[in-house]
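The values are calculated or read from the model by the stated rules, or taken from the named source; none is laboratory data. Since we're looking at a predicted model, the values are computed, not measured. Cβ placement follows ideal geometry from the backbone for every residue including glycine, while neighbour counts extend to all protein chains displayed.
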Amino acid sequence: MTTTLLKQTTPTQAVRKPNRSFIHGLISNKKALTGMAVMVIFIALALLAPVLFPGDPSRITAMASLEPSTEHWLGTTAKGQDVLALTVHGSRSSLFVGLTVGLASTFIGILVGLASAYFGKFIDEALSLVTNVFLLLPGLPLLVILAAFLPPGLGTVILVLVVTGWAGSARVLRSQALSIRSKDFVAAAVVSGERAGRIMFREILPNMASIVMGTLLACVIYGIGAQAGLEFLGLGDVSTVSWGNNLFWAGNEGALLTGSWWVFVPSGVCIALVAFALALINYAVDEVTNPRLRKIKTPKDTETSAAK
Amino acid sequence: MRFILRRLGFYLIAFWASITLNFLLPRFMPGDPVSRMFARSQDRMQPEQIEALRKLLGVDDRPIWEQYIDYMHNIFTGQMGVSISRFPTPVTEVISSQIGWTLLLGGTALVIAAVVGNLLGILAAWRRGGAIDSALPPVLVFIGSFPYFWLAMGALYLFGVVLGWFPIRHAFTDGLEPAFTWEFIGDVGAHLVLPALTIVLVSIGGWMLGMRNTMIATNSEDYITMAEAKGLRPGRIMLRYAARNAMLPSVTSFGMGLGFVVGGALLTEVVFAYPGVGYQLLNAVQGLDYPLMQGLFLTITAAVLLANFLVDILYVRLDPRVRSN
């Protein structure tokens with residue numbers, strides 16, 4: 001009697017438990033907390049930019065190439081714009097593009113990955129082929145070529161980054177979806193006559209939530225970095241204020257050759273901080289869901305240090 | 001053998017896809033970029049050359065499939081047209097004069113990063129929680145989060161402008177005649193240090209973490225315990241038993257890394273004005289030099305595909321599982 005009871009209760013627990021412990025694990029994980037704190041600060045700065053620095057950030061407010069002072073905390077550019085205002089306003093475009101690119105590429109990745117895994121056979125072959133071709137085409141040159149042919153603008157930047165960025169997430173999500181596809185509960189859902197869409201999005205997708213999250217974070221990091229790179233090459237929308245464009249202008253105006261490091265440092269550090277924070281969260285997700293990577297507390301374990 | 005043929009078929013499809021992409025882009029993009037280009041360079045070119053370029057780029061009244069067949073024919077016979085920004089040099093000539101520099105820069109950086117990164121990963125996984133394992137990954141990940149060109153510019157400023165240790169632009173000192181003399185090779189080496197170093201710095205973290213994570217999984221395998229029980233020296237277990245088996249994913253990443261070599265060195269080459277294909281690609285884009293742009297993209301793609309194919313062949317030799325299907 002007790003055994004049957006156990007058998008009945010374990011499945012429901014097994015479904016719920018990982019979810020709760022996942023969030024709990026994230027909150028009690030130092031890496032995740034640090035990463036989230038940094039992200040909250042940047043998102044707050046981006047939202048508050050028009051309040052903190054009202055007006056157009058690229059207007060000329062002071063003498064050119066001033067060193068950091070109490071009046072201009074981060075100095076001014078060679079044109080005489082306030083670097084701090086440019087940096088704070090730049091976070092808006094950079095975070096927006098990063099987030100949009102991340103969401104869009106992850107979404108395409110989910111669609112392709114799920115369809116591949118669920119339908120299998122010919123559809124899987126075809127989709128995998130397309131994915132692998134996109135993975136293999138050299139990303140940066142393709143980015144440059146596409147950006148050169150398309151009319152410049154924020155939409156182009158986003159489109160180009162999604163086109164070059166979705167394949168990686170599709171491959172990761174497909175392999176995960178494949179392993180879930182072969183589980184018994186999916187077979188049960190098929191037999192009980194559930195529709196394809198329902199099985200894909202209600203049965204398979206929730207079970208790969210952590211991988212989806214990891215992919216999303218990686219895609220956002222990619223989006224922010226690639227946007228900056230594209231804009232640094234002068235292929236973005238030069239009229240907007242973003243971290244990449246700030247660096248483009250810094251390079252264009254020879255900020256480093258004249259020694260104005262303060263024009264050049266802030267935007268780069270901001271990109272790095274955001275990317276690092278997202279990477280921290282990503283590693284935390286990995287650690288929480290993959291026990292093998294967790295910090296070992298007792299070095300005596302099966303580890304080789306003991307064997308030595 | 002079947003594996004190899006399958007891969008070869010895949011690479012051919014990928015190559016066909018990139019050719020087709022190249023064919024379609026100038027023909028279906030809004031804003032008619034090709035006409036813009038002709039408007040800019042009309043007076044510098046002969047009428048018959050303009051006619052040939054029109055055909056290449058699709059400003060042409062013939063039906064699209066006829067253009068397509070023509071285009072394929074031209075690609076496979078190596079006719080990629082004439083560069084506009086370096087008129088009248090043929091595109092193939094411009095590319096062949098530059099691809100060597102890219103391979104030198106990218107190859108050096110890739111090999112250094114892969115070797116050092118994998119070694120660090122092996123050591124980190126072997127001594128879990130040790131100095132290398134706990135201190136290095138966060139530092140490398142942090143460095144890796146900086147935009148690549150930003151680090152390159154920082155290094156250029158610090159070591160090139162402020163300290164003056166290394167030359168800041170080009171692949172060798174202007175005016176020096178390329179030759180196999182020690183002077184020239186040393187000069188090329190000195191120009192290589194900063195660009196290669198920045199690539200190594202940002203890419204080493206990925207190698208190390210990838211190797212570390214595979215190694216950790218390998219370390220818990222039974223044959224490692226067995227080797228320990230036999231009393232083999234730890235160094236031997238680490239390198240010959242664990243690392244050897246954990247290397248396979250790194251081999252695949254090496255193939256992927258080659259793509260980064262040819263394509264990803266673009267930003268480095270731009271920052272250091274290094275005369276490789278990436279730098280030329282950006283120049284072509286800025287100069288609206290569409291024939292050169294297309295030729296460069298095709299060359300880069302072909303190089304990446306070829307490199308990956310070679311890695312696949314290597315993989316078959318390394319992993320018997322793919323041989324037996």
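Considering only residues that are more than 15 Å from the chain's Cα centre (by Cα) and among the hydroxyl-bearing types (Ser, Thr, Tyr), which ones fall in segment B:272-301?
Selection gives B:TYR290 alone.
To keep it simple, each residue is scored yes or no on (1) under 23 Å from B:LEU258 (Cβ atoms); (2) among the aromatic types (Phe, Trp, Tyr); (3) within 12 Å of chain A (Cβ to nearest Cβ); (4) part of a helix (DSSP H, G or I).
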{"site": "B:LEU120", "(1), (2), (3), (4)": "yes, no, no, yes"}
{"site": "B:ALA125", "(1), (2), (3), (4)": "no, no, yes, yes"}
{"site": "B:VAL139", "(1), (2), (3), (4)": "no, no, yes, yes"}
{"site": "B:PHE180", "(1), (2), (3), (4)": "no, yes, no, no"}
{"site": "B:VAL200", "(1), (2), (3), (4)": "yes, no, no, yes"}
{"site": "B:MET211", "(1), (2), (3), (4)": "yes, no, no, yes"}
{"site": "B:THR214", "(1), (2), (3), (4)": "yes, no, yes, yes"}
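I'm trying to understand the selection: among the residues of segment B:280-304, which are farther than 11 Å from B:ILE84 by Cα and surrounded by 24 or more Cβ atoms within 10 Å (Cβ to Cβ)?
Hits for segment B:280-304 are B:GLN280, B:LEU281, B:GLN294, B:GLY295, B:LEU296, B:PHE297, B:ILE300, B:THR301, B:VAL304.
When the residues of segment B:268-298 are narrowed to those that are in contact (Cβ under 8 Å) with a residue 60 or more places away in the chain and of a type in the set (Val, Ile, Thr), which ends up nearest to the other protein chains (Cβ to nearest Cβ)?
The residue in question is B:VAL270.
Going by what's in this entry, would A:PRO151 be described as outside any helix (DSSP H, G or I) and not polar (S, T, N, Q)?
Spelling it out, A:PRO151 is indeed outside any helix (DSSP H, G or I) and not polar (S, T, N, Q).
Keeping to segment A:223-256, report how many residues are assigned to a helix (DSSP H, G or I) and not aromatic (Phe, Trp, Tyr). Break it down into steps so the answer makes sense when it comes.
Start the filter on segment A:223-256 by keeping residues that are assigned to a helix (DSSP H, G or I), which leaves A:223-232, A:243-252.
Next, from what is left, pick out any that are not aromatic (Phe, Trp, Tyr): A:223-231, A:244-247, A:250-252.
Qualifying residue count for the region: 16.
Looking at (1) in contact (Cβ under 8 Å) with a residue 12 or more places away in the chain; (2) farther than 16 Å from A:LEU257 by Cβ, can you tell me which one B:TRP182 breaks?
Against the list (1) in contact (Cβ under 8 Å) with a residue 12 or more places away in the chain; (2) farther than 16 Å from A:LEU257 by Cβ, B:TRP182 comes up short only on (1).
Can you name the residue in segment B:216-237 that is of a type in the set (Ser, Thr, Tyr) and assigned to a helix (DSSP H, G or I) and is also farthest from the other protein chains (Cβ to nearest Cβ) among such residues?
B:TYR223
Of all residues in segment B:235-258, count the ones that are surrounded by 15 or more Cβ atoms within 10 Å (Cβ to Cβ) and over 25 Å from B:LEU310 (Cβ atoms).
Of the residues in segment B:235-258, 4 are surrounded by 15 or more Cβ atoms within 10 Å (Cβ to Cβ) and over 25 Å from B:LEU310 (Cβ atoms).
Please specify each residue of segment A:175-189 satisfying the condition of being in contact with a helix residue (DSSP H, G or I) (Cβ under 7 Å, 6 or more places away or on another chain) and closer than 16 Å to A:SER116 by Cβ.
Listed by number, the residues that qualify are A:GLN176, A:ALA177, A:LEU178, A:ILE180, A:ARG181, A:VAL186.
Matching residues to (1) farther than 24 Å from B:GLY144 by Cα; (2) free of Cβ contacts under 8 Å to residues at least 40 places away in the same chain; (3) of a type in the set (Gly, Ala, Ser); (4) surrounded by fewer than 22 Cβ atoms within 10 Å (Cβ to Cβ):
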position	(1), (2), (3), (4)
B:THR77	yes, yes, no, yes
B:ARG86	yes, no, no, yes
B:PRO90	yes, yes, no, yes
B:VAL94	yes, no, no, no
B:GLY100	yes, yes, yes, yes
B:GLY106	no, no, yes, no
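Here are some residues: A:VAL112, A:VAL144, A:VAL130, A:VAL88. Which one is within 12 Å of chain B (Cβ to nearest Cβ) and farther than 15 Å from A:GLY229 by Cα?
That would be A:VAL130, the only listed residue that is within 12 Å of chain B (Cβ to nearest Cβ) and farther than 15 Å from A:GLY229 by Cα.
Filter segment A:222-240 for residues that are more than 9 Å from every other protein chain (Cβ to nearest Cβ) and not aliphatic (A, V, I, L, M); which is surrounded by the fewest Cβ atoms within 10 Å (Cβ to Cβ)?
A:SER239
Could you list, in sequence order, the residues of segment A:71-111 that are of a type in the set (Gly, Ala, Ser) and not in a loop (DSSP other than H, G, I, E, B)?
Within segment A:71-111, A:ALA85, A:GLY90, A:SER91, A:SER93, A:SER94, A:GLY98, A:GLY102, A:ALA104, A:SER105, A:GLY109 qualify.
Restricting attention to segment B:184-202, report how many residues are at pLDDT 85 or above and closer than 12 Å to B:VAL141 by Cα.
Going through segment B:184-202 one residue at a time, the tally reaches 1.
In this structure, does A:GLY168 turn out to be among the small types (Gly, Ala, Ser), surrounded by fewer than 21 Cβ atoms within 10 Å (Cβ to Cβ) and modelled with pLDDT under 85?
Criteria not met by A:GLY168.
Residues to consider are B:ARG321, B:ARG240; find the one that is part of a helix (DSSP H, G or I), at pLDDT below 80 and away from chain A (no Cβ under 11 Å).
On inspection, the qualifying residue turns out to be B:ARG321.
Please determine, by comparing only the residues of segment B:115-134 that are surrounded by fewer than 21 Cβ atoms within 10 Å (Cβ to Cβ) and under 27 Å from the mean Cα position of the chain (by Cα), which one is farthest from B:LEU306 (Cα to Cα).
Here the residue is B:LEU119.
Of the conditions (1) among the aromatic types (Phe, Trp, Tyr); (2) under 25 Å from A:TRP261 (Cα atoms); (3) modelled with pLDDT of 80 or more, A:TRP73 satisfies every one except a single condition; which number is it?
Among (1) among the aromatic types (Phe, Trp, Tyr); (2) under 25 Å from A:TRP261 (Cα atoms); (3) modelled with pLDDT of 80 or more, A:TRP73 violates only (3).
Results for (1) within 14 Å of another protein chain (Cβ to nearest Cβ); (2) surrounded by 17 or more Cβ atoms within 10 Å (Cβ to Cβ); (3) within 21 Å of the chain's Cα centre (by Cα); (4) at negative phi, shown as yes or no for each residue.
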residue	(1), (2), (3), (4)
A:LEU140	yes, yes, yes, yes
A:LEU150	yes, yes, no, yes
A:ASP184	no, no, no, yes
A:VAL190	no, no, no, yes
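Can you find even one residue in segment B:27-39 that is more than 14 Å from every other protein chain (Cβ to nearest Cβ) and either buried (at least 17 other Cβ atoms within 10 Å of the Cβ) or modelled with pLDDT under 80 (or both)?
yes
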